[in-house]
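Written below as structure tokens is the structure these notes are about.
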Amino acid sequence: MVIKIVKNFFKKIFSNMFREKKSIKLGFYGPPNAGKTSLANRICKDFTGEEIGSVSKIPHETRTIQFKEKVEIDYKGKKMVFKMIDTPGIATKIDYEDFLKYKMKKKEAKKRAKEATQGVVESIKWLDDMDVVVIVLDATENPYNQVNITIIGNLVARKIPVLIVANKIDLKKAEVKKIEVAFPEYEVVGISAKHGKNLEEFYESIFKLSKKVK
């Protein structure tokens, strides 16, 4: 009996020592072309050497959920493991004619519009599986629009920890303050995903939010 207890004790010790770290599911949400994939790519590239997806000036380049498992972020001596989930851009209206201006053929534009619409539905469904969500907004755009309100509304209903990123602060028209005023109940971090500017504050905020995950 004593031997069995001792064996179980050591078994528990070793299983705790070698237990795989839990991945925190970190989702990137926002309107098309705000820089979700650019930010996810920069993080993945910095800590895994690989990007998560391709980017383009054409809206809805990301039309399906794409993710990277076990991205270990090391920040100021602290480490956390994330499952990075990049989602298609949320839009309230997707018209194939919008893609024609990018010199797409009609058939290709209609296909892209259909895939983008399906991607929006998929993005909302995946919210139920998120531990933490980063909303990426273009700091040069007006934050008071239906898309942003839709995203925020869905997150409030699910009580998911949220960080708002005001991206593209490298551009002259960027106004982080506008986004802070629009969403005063959330922390807003201004960054440039393209140039890697102010990522330290971003990581600080993500680590702080992730500690709330049970």
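The values are calculated or read from the model by the stated rules, or taken from the named source; none is laboratory data. Everything quoted here is computed from the prediction, not taken from an experiment. FYI the Cβ positions are ideal-geometry reconstructions off the backbone, even for glycines, and counts take in every protein chain you see.
Remarks
- No other residue among Lys168, Lys107 is basic (Lys, Arg), at pLDDT 90 or above and either within 18 Å of Val181 (Cβ to Cβ) or surrounded by 17 or more Cβ atoms within 10 Å (Cβ to Cβ) (or both) apart from Lys168.
- The set of residues in the stretch 125-145 that are within 18 Å of Glu185 (Cα to Cα) and modelled with pLDDT under 90 comprises Tyr144, Asn145.
- Hits in the stretch 177-202 - residues which are buried (at least 18 other Cβ atoms within 10 Å of the Cβ), touching a strand residue (DSSP E or B) at 6+ places or on another chain (Cβ under 7 Å) and in a helix (DSSP H, G or I): Ile179, Phe202
- Count of residues meeting criterion [within 18 Å of Tyr203 (Cα to Cα) and without any contact (Cβ under 8 Å) to a residue 40 or more places away in the chain] in the stretch 53-70: 1
- Under the condition of being more than 24 Å from Asn198 (Cα to Cα), of a type in the set (A, V, I, L, M, F, W, C) and in a loop (DSSP other than H, G, I, E, B), the residues counted in the stretch 129-159 number 1.
- In the stretch 81-110, residue farthest from Asp131 (Cα to Cα) [restricted to those that are in contact with a helix residue (DSSP H, G or I) (Cβ under 6 Å, 6 or more places away or on another chain) and either among the basic types (Lys, Arg) or not in a loop (DSSP other than H, G, I, E, B) (or both)]: Leu100
- Condition met for Gly119 (part of a helix (DSSP H, G or I), surrounded by fewer than 17 Cβ atoms within 10 Å (Cβ to Cβ) and small (Gly, Ala, Ser)): no
- Residue ID - surrounded by the fewest Cβ atoms within 10 Å (Cβ to Cβ), chosen from residues in the stretch 34-67 that are more than 17 Å from Ile90 (Cβ to Cβ), out of contact with any helix residue (DSSP H, G or I) (no Cβ under 7 Å at 6 or more places or on another chain) and charged (D, E, K, R): Lys57
- For the stretch 124-150, filtering for residues that are of a type outside the set (D, E, K, R) and out of contact with any helix residue (DSSP H, G or I) (no Cβ under 9 Å at 6 or more places or on another chain) leaves 6.
- When every residue of the stretch 139-156 is checked against the conditions, at least one turns out to be farther than 20 Å from Ile65 by Cα, exposed (fewer than 14 other Cβ atoms within 10 Å of the Cβ) and β-branched (Val, Ile, Thr).
- Taking the listed residues Val162, Val147, Val120, the one that is among the β-branched types (Val, Ile, Thr), touching a Phe, Trp or Tyr at 6+ places or on another chain (Cβ under 9 Å) and in contact (Cβ under 8 Å) with a residue 12 or more places away in the chain is Val162, with no other qualifying.
- Residues that are closer than 23 Å to Arg42 by Cβ, among the polar types (S, T, N, Q) and not in a helix (DSSP H, G or I) occur in the stretch 162-174; there is at least one.
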